[in-house]
Amino acid sequence: MGRSRRTIPEELLLLALDPTTGTTAQPQSLDLGLAGAQLVELALAGRIAPDGDRIAVVMPRPTGDPTLDSALELLRRRGSPVRAVHWIGGPRLGLRQIYLAHLERCGMVHAVAGQMCGVLPTTRYQATDTAISRDIRARLDSAIRTGVPPDPRTAALAALAHAVGLGKHLYPGNEGRSSRSRLRDLIRHDPMGGLVAHAVMDVQNGVAAQPRRNPSAPGSSRQAAVSMQPRRGGMARVAAH
């Protein structure tokens, strides 16, 4: 895959980083979002494809990105398509730390050691090139402001940002309400991004045990509207290990 283009997990994490505090917004749901972002990136790379509400490996060849290839290999070992909610809600948490370390190795962030309450060691992360974060944010802003259907990568990023609850982080206060609403609406512009984003929200809402209903089934529109509400969360420091 090379390193000429940032991946969706990298962009989602950079969106979540607070430039002032060096902490990540929505830390609990962000791990789920990063797992979902890996699926979208692998789909865009032609390695996996949706099969109903399941994910199937269609090309097991490595992408060249170690973090994505680890996920691809785990999917391959399953041997059969896996439901997106089961994959995202599986025991693979800690992706924030994995991707923060990855971004540090790539030179996109640098770590700042500190202490919480003067005792507990913590690590904050600052973007080394704020132009990258501004570019990512500008793509979302443009899609929200113009109403022009975004490219699949931006649509998927918007869907995941909504799913993990970054709307209030990116567009705070009453003045950001309409932007948050339009961010949510962008979920419909990319089928894979929409599938994964809904799976992220289903895991958060504790409904991963039930298959997603067919959108054409009676009452499904009401269920979809309810499931599109992300769980609220706060800011948290990233503890050093």
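Okay, here's what the table says:
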item	result
Qualifying residue in region 53-69 (condition: of a type in the set (Val, Ile, Thr) and within 24 Å of Gln126 (Cβ to Cβ))	yes
Near pairs, Cβ below 6 angstrom, 6+ apart or cross-chain, from region 188-206 (touching a residue at least 60 places away in the same chain (Cβ under 8 Å)) to any residue that is open to solvent by 10 Å² or more (accessible area, probe 1.4 Å) and assigned to a loop (DSSP other than H, G, I, E, B)	Asp202/Ala208; Val203/Gly89; Gln204/Arg231
Within region 60-109, helices (runs of 4 or more DSSP H) holding 2 or more residues that are at pLDDT 95 or above, of a type in the set (Gly, Ala, Ser) and over 14 Å from Glu11 (Cα atoms)	none
Some residue of region 3-22 being open to solvent by 30 Å² or more (accessible area, probe 1.4 Å) and not in a loop (DSSP other than H, G, I, E, B)	no
Enumeration of residues in region 137-187 that are without any contact (Cβ under 8 Å) to a residue 12 or more places away in the chain, hydrophobic (A, V, I, L, M, F, W, C) and in a helix (DSSP H, G or I)	Ala138
Which listed residue is touching a strand residue (DSSP E or B) at 6+ places or on another chain (Cβ under 6 Å) and of a type in the set (Gly, Ala, Ser), from Ala143, Ala84	Ala84
Gln38 vs. criteria in contact with a Gly (Cβ under 6 Å, 6 or more places away or on another chain) and of a type outside the set (Val, Ile, Thr)	no
Test: Gln28 is in contact (Cβ under 8 Å) with a residue 24 or more places away in the chain, within 29 Å of Ala113 (Cα to Cα), buried (at least 23 other Cβ atoms within 10 Å of the Cβ) and not charged (D, E, K, R)	no
Residue that is farthest from Arg124 (Cα to Cα), among those in region 91-113 that are without any contact (Cβ under 8 Å) to a residue 60 or more places away in the chain and exposed (fewer than 13 other Cβ atoms within 10 Å of the Cβ)	Pro91
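For every residue, the table says whether it meets (1) open to solvent by 50 Å² or more (accessible area, probe 1.4 Å); (2) at pLDDT below 90.
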| position | (1), (2) |
| --- | --- |
| Gln126 | no, yes |
| Ala158 | no, no |
| Asn174 | yes, no |
| Ser179 | no, no |
| Gly194 | no, no |
| Ala199 | no, no |
| Gln204 | no, no |
| Gln210 | yes, yes |
| Asn214 | yes, yes |
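The values are calculated or read from the model by the stated rules, or taken from the named source; none is laboratory data. Keep in mind it's a predicted model, so treat the numbers as computed, not measured. Every residue, glycine as well, gets a Cβ built from its backbone with ideal geometry; the counts of neighbours run over all protein chains shown. For accessibility, only protein heavy atoms count, side chains too; no ligands or nucleic acids. Shrake-Rupley method; radii C 1.70, N 1.55, O 1.52, S 1.80 Å.
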